[in-house]
1. Please enumerate the residues belonging to segment 11-46 that are under 20 Å from the mean Cα position of the chain (by Cα) and over 27 Å from residue 288 (Cβ atoms).
2. Give me the residue from segment 336-356 that is modelled with pLDDT of 90 or more and acidic (Asp, Glu) and, out of that set, farthest from ligand 3 (Cβ to nearest atom).
3. Within segment 51-64, can one find any residue that is among the polar types (S, T, N, Q), away from ligand 2 (no atom under 16 Å from the Cβ) and free of Cβ contacts under 8 Å to residues at least 60 places away in the same chain?
4. Looking only at segment 91-105, count how many residues are in contact (Cβ under 8 Å) with a residue 24 or more places away in the chain and out of contact with any strand residue (DSSP E or B) (no Cβ under 6 Å at 6 or more places or on another chain).
5. Can you name every residue in segment 312-362 that is among the aliphatic types (A, V, I, L, M), out of contact with any Lys or Arg (no Cβ under 8 Å at 6 or more places or on another chain) and in contact (Cβ under 8 Å) with a residue 24 or more places away in the chain?
6. Limited to segment 318-362, what total is found for residues that are more than 29 Å from the chain's Cα centre (by Cα) and in the same structural domain as residue 261 (by TED's automatic domain parsing)?
7. Could you grab me the full set of residues in segment 192-210 that are closer than 18 Å to residue 174 by Cα and among the aliphatic types (A, V, I, L, M)?
8. For segment 48-73, what are the residues that are among the small types (Gly, Ala, Ser) and within 16 Å of ligand 1 (Cβ to nearest atom)?
Amino acid sequence: MSSKITLSVFKADVGGFVGHGSVHPDMLKKAEDTLGQDGMDLLIDFFVTHVGDDINLVLTHREGVDAENIHTLVWNTFLKCTEVAKTLKMYGAGQDLLSHGFSGNIKGMGPGIAEMEFEERPSEPVIIFMADKTEPGAWNFPLYKIFADPFNTIGLVIDPKMHEGFSFEVLDLIEDKSVKFSCPEELYDLLIFLGASNRYVVRSVFTKNKEIAAVSSTQKMNQMAGRYVGKDDPVLIVRCQSGLPAVGEVLEPFANPHLVTGWMRGSHYGPIIPVSQKQAVPTRFDGPPRVIAMGFQLANGRLIGPQDLFADVAFDRAREKALEIADYIRQLGPFEPHRLPLDEMEYTTMPLVMERLKNRFK
Ligand code: F6R
Ligand code: MG
Ligand code: MG
């Protein structure tokens, strides 16, 4: 057991209500009851919420990252939520639990995971971002702005504790290799990768003293039937203040909604809307993609909160702008760049159509 705190966030879609839109309250209740009972001796605290059809479990404990007992507790919790989903015939019950051969670590088993271990500071503000109908690359743009763009984060310029910048760890989702960039010195090298957010995604951000600042739920993709699968609806943990970006600097990139991949059938570009937790029920064309920001103060591992940070009226214009962009881009229907390029779509009929028409190509 460590003196350090571990903050772990797990997410899984184990059944949608209705379709892929939300999570039934009985499933959330089951998650809370299970963590409360089975996690009594293991957890310091926990918080359960949902974004769209994904259940998000926020846990604090002293077991470290990748702890078998924590991962087992979470796996069993998702299994129990699946049982409820099956009884209620929720849509796609158990869809994110890939295998029955669970052996102590959830990585590669379907759910998304972001975990970090640190010495809790005298005051420890953290923000947990959770998104639905998009992919891990969705964090590239905001993470760049938060930790490397002085036009977003004035602290990079005027806070002596931040002036030397941050390091980014970037994962190649296909090769499953990672690379570190020290910024601002290597900004331009970093950007050539971050701009290709379909393949290269930020896994973590560190201070120059190697303190962890941010971790995302990035996992490598698996190739199945000639296509890459396994990147879905990510979460992101960011520590804030006292030499790290301020809460407002961390939220600021979302004031100008960027375009992400996902939305209907995981096959479209659309704006990501920052919303309150209550508004985290995507319906229009199964979307548009959305993100919530839950703020907590940690107190010896206790999760004091949440503050629903995007509930602020100051994000109303971002929402309006995102809706305008959504109206515009929807008009393109099945045409790129609303619809994704052929090799990035989650659904495609192209091979079938091609096979049927192959003799007509002269
Ligand atoms: C996107 C998403 C939905 C589904 C769509 C079709 O991430 O979850 O847009 O892709 O509702 O779902 P199925 O194929 O289950 O009917
Ligand atoms: Mg779903
Ligand atoms: Mg989802």
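1. Passing the criteria: only 46.
2. 355
3. No - not one qualifying residue is present in segment 51-64.
4. The total comes to 7.
5. The answer is 314, 318, 322, 323, 325, 329, 340.
6. Qualifying residue count, segment 318-362: 0.
7. 192, 194, 196, 201, 202, listed by residue number.
8. 52
The values are calculated or read from the model by the stated rules, or taken from the named source; none is laboratory data. This one's a predicted model, so the numbers in the text were calculated from it and none came from an experiment. Counting neighbours? That spans all protein chains shown, and the Cβs are built from the backbone with ideal geometry, glycine included.
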